[in-house]
Amino acid sequence: MGPKPRAGPAPRRRIVPEPWALSLEPSSILEPMQIHRRHSWDLSPAEAIALQQELRTEVISDRPIDLDGIGLVAGVDVSVKNEQSQAAVVVVTYPGFLPVETVLARRPTPFPYVPGLLSFREGPVLEEAFEKLKAEPDVFLFDGMGIAHPRRIGIASHMGLWLGRPTIGCGKTLLCGRYGSLAEDKGAVAPLVDRKETIGVALRTRAGKNPMFISPGHLADIPSAAELVLRCSPKYRLPEPIRLAHKAAGQFSP
């Protein structure tokens, strides 16, 4: 008889947070999720802007998301109360939007509110939340901007570099750029343009309501980002994963 074959590495332990997650692909539920820590958060506003200028060159905003390959979508939001920041990441099945996992993290708010520097205010607490995830979402939807940002690196783009997965920015208010006429119907869309560059879209996710401002974060492009957000908005203006994250982040325990 020949030599016995070498045993391969031990398989990673799979975690099933909820009963309905049994129907998911095994590769979607693994422990732990890998976070690529890129830098310290202890920066001044001027240093933060300089870092954005450096990191923006790494953002990939022209790669279509494989919409047919999505099994899990995460919504990401942060609430601030009494100088405490609480992050919530809610992972749901797609397209059913059944909750699979909710993680929270809370810490003192470390950075002043400066338009365009939201990543440095919310990034530290988000890092803590992401490190708690046991499910591995295929796409992350952020309550905040992607490349629809003066320096083309909003929080969805910035944290996308840490996550190494497709991210999408879903802004409720316009940070930069302009868009033309937009029909009142759900699904109406108009290009969002800043300095002659198309940086996203204004997307009507609910008829008669204000549009959402959608842009790629990282490892995404504008058409697939807008299509996924629309699919994730069956009833409300906010995409369902973000709506659930917003609700969870706002529930501060004593």
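Say we look at segment 143-161 and pick out the residues that are surrounded by fewer than 24 Cβ atoms within 10 Å (Cβ to Cβ) and among the charged types (D, E, K, R); which of these is nearest to Cys232 (Cα to Cα)?
Among those residues, the one meeting the criterion is Arg152.
Can Gly180 be described as part of a strand (DSSP E or B), of a type outside the set (Val, Ile, Thr) and touching a strand residue (DSSP E or B) at 6+ places or on another chain (Cβ under 7 Å)? Full working, then the answer.
Working: part of a strand (DSSP E or B): no; of a type outside the set (Val, Ile, Thr): yes; touching a strand residue (DSSP E or B) at 6+ places or on another chain (Cβ under 7 Å): yes.
Against the criterion (part of a strand (DSSP E or B), of a type outside the set (Val, Ile, Thr) and touching a strand residue (DSSP E or B) at 6+ places or on another chain (Cβ under 7 Å)), Gly180 does not qualify.
Considering only segment 185-204, I want to know if a residue exists there that is within 22 Å of Ala88 (Cβ to Cβ), in contact with a Pro (Cβ under 6 Å, 6 or more places away or on another chain) and at pLDDT 95 or above.
No: zero hits.
Residue-wise test of (1) touching a strand residue (DSSP E or B) at 6+ places or on another chain (Cβ under 8 Å); (2) farther than 14 Å from Gly144 by Cα.
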| position | (1), (2) |
| --- | --- |
| Pro216 | yes, no |
| Ile222 | yes, yes |
| Arg231 | no, yes |
| Arg237 | yes, yes |
| Glu240 | yes, yes |
| Ser253 | no, yes |
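Among residues belonging to segment 81-106 that are without any contact (Cβ under 8 Å) to a residue 60 or more places away in the chain and in contact with a Ser or Thr (Cβ under 6 Å, 6 or more places away or on another chain), point out the one that is farthest from Ser253 (Cα to Cα).
Result: Glu83.
Applying the selection to segment 113-169, what residues are in contact with a Gly (Cβ under 8 Å, 6 or more places away or on another chain), under 17 Å from Asp77 (Cβ atoms) and among the aliphatic types (A, V, I, L, M)?
Leu118, Leu141, Met145, Ile155, Ala156, Met159, Ile168
Do you know which residues across segment 226-236 are touching a Pro at 6+ places or on another chain (Cβ under 8 Å) and within 17 Å of Leu182 (Cβ to Cβ)?
Residues of segment 226-236 touching a Pro at 6+ places or on another chain (Cβ under 8 Å): 229, 231-233.
Across segment 226-236, the qualifying residues are Val229, Ser233.
Within the group Gly164, Gly250, which residue is surrounded by fewer than 18 Cβ atoms within 10 Å (Cβ to Cβ), touching a Ser or Thr at 6+ places or on another chain (Cβ under 6 Å) and touching a residue at least 60 places away in the same chain (Cβ under 8 Å)?
So the residue among Gly164, Gly250 that is surrounded by fewer than 18 Cβ atoms within 10 Å (Cβ to Cβ), touching a Ser or Thr at 6+ places or on another chain (Cβ under 6 Å) and touching a residue at least 60 places away in the same chain (Cβ under 8 Å) is Gly250.
Suppose we keep only residues that are touching a helix residue (DSSP H, G or I) at 6+ places or on another chain (Cβ under 7 Å) and either assigned to a helix (DSSP H, G or I) or among the hydrophobic types (A, V, I, L, M, F, W, C) (or both) within segment 226-237. Which one would you say is surrounded by the most Cβ atoms within 10 Å (Cβ to Cβ)?
Here the residue is Cys232.
Is there any pair linking a residue in segment 176-191 that is closer than 9 Å to Ala207 by Cα and without any contact (Cβ under 8 Å) to a residue 12 or more places away in the chain to one that is surrounded by 14 or more Cβ atoms within 10 Å (Cβ to Cβ) and of a type outside the set (D, E, K, R), with Cβ under 9 Å and at least six apart or on different chains, and which?
none
It is to be established whether one or more residues within segment 112-121 are touching a Phe, Trp or Tyr at 6+ places or on another chain (Cβ under 6 Å) and buried (at least 18 other Cβ atoms within 10 Å of the Cβ).
yes
The values are calculated or read from the model by the stated rules, or taken from the named source; none is laboratory data. All of these numbers come straight from a predicted model, not from anything done at the bench. Using ideal geometry, Cβ is built from the backbone for each residue, glycine included, and neighbour counts are taken over all protein chains shown.
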